[in-house]
Ligand SMILES: C[S@@+](CC[C@H](N)C(=O)[O-])C[C@H]1O[C@@H](n2cnc3c(N)ncnc32)[C@H](O)[C@@H]1O
């Protein structure tokens, strides 16, 4: 299925009109009625970013490190929590979807669903294009107008990624659900203390709830904590997969035993 998973869901990034696949097999491009045309990349994703990739987009090395961390099962509790709340959903949009891992796990749990992973990083999108047969991968900027048609999405999710609440509200169908996973101050705390990594603002969840309440009716909040035992390689990858990688990854790291906790808020605003 690949990009076909996005049929009927994408909007032209130039004029916002419906974007459809051309009639060729395999599909070579997607276009709108106004004739704005976007070629499908050789690796299977669709680049709808009408600008150069920003400097902060995840690099190939970060994407690889994240892929190894996710494959280790370190964030499996997050996937299980998402799946529990997503039952019955048919169309999923994962904003800042990275490698496509969380979307793929969710689609495994939802056999009738299809989804789009949207990310500003082309290396991430290349990987997400192969994450799941029912997942499309699109390059776009989450802070701009999403190239997604209004009220077409049943579930929007955003895991450790930029949260454009106004756009999430626009693309969600009536009764649609938004699941936001954001780190709380205890998330990977021992790792952050030991290696001087970027901190997490103590009132992040309050600010998140305030921003969401401008666009969504009710907000359920749930704290999820899961312990993690990390060998040295995994510790290095946990550092290398995030923005800390832009400041350099320490050569020497130590294994951490059960003290690294995955600690996140799961927000659940309903439109
Ligand atoms: C911390 S990673 C999380 C990736 C994925 N959700 C996960 O949990 O594995 C943040 C992701 O957001 C993407 N990102 C950052 N800024 C973005 C933007 N403005 N628009 C879309 N994606 C963005 C990054 O490229 C990266 O893949």
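Bear in mind that the values in this text are calculations on the coordinates, not laboratory data. Worth saying up front: this structure is predicted, and the values here are computed from it rather than measured.
Helix 204-213 versus the longest principal axis of the chain: what is the Cα-based angle in degrees, 0 to 90, to the nearest 10? Helix 204-213 sits at roughly 30 degrees to that axis. Pull out a ≥ b ≥ c, the square roots of the eigenvalues of the alpha-carbon gyration tensor of segment 72-124, then state rounded if a/c is under 1.5, prolate if not and a/b is larger than b/c, and oblate in the remaining case. Judged from the Cα gyration tensor, segment 72-124 comes out oblate (a/c at least 1.5, b/c at or above a/b).
With Cα atoms defining each centre, segment 92-150 and segment 1-79 are spaced 7 Å apart in the structure. Which angle between 0 and 90 degrees, to the nearest 10, do you get for helix 76-85 versus the longest principal axis of the chain when only C-alpha atoms count? Roughly 50 degrees, rounded to the nearest 10. Note that segment 2-270 carries a Kirkwood radius of 18.9 Å, evaluated over its alpha carbons pair by pair. Rounded if a/c is under 1.5, else prolate if a/b is larger than b/c, else oblate: which is segment 141-192, with a ≥ b ≥ c the root eigenvalues of its Cα gyration tensor? Prolate, because a/c is 1.5 or more and a/b exceeds b/c. At 37 °C and 0.692 mPa s, what whole-number value in µm²/s does Stokes-Einstein give for the translational diffusion of segment 1-98, with Rh from the Kirkwood sum over Cα pairs? Rounded, D is 204 µm²/s. Helices in the chain, meaning DSSP H runs of at least 4 residues, each add -39500 (n - 2.57). Divided by all residues, the mean residue ellipticity at 222 nm is -7500 deg cm²/dmol.
In terms of its C-alpha gyration tensor, segment 124-216 has an oblate overall shape, because the principal axis ratio a/c (a ≥ b ≥ c, square roots of the eigenvalues) is not below 1.5 and a/b does not outweigh b/c. Of the DSSP beta bridges with both residues in the chain, give the percent that are antiparallel, rounding to the nearest 5. Antiparallel bridges: around 55 percent, rounded to the nearest 5. Taking the Cα atoms of segment 172-250, the ratio Rg/Rh between the radius of gyration and the Kirkwood radius comes to 1.06. Computed from Cα positions, the angle between helix 60-71 and the longest principal axis of the chain comes to roughly 70 degrees.
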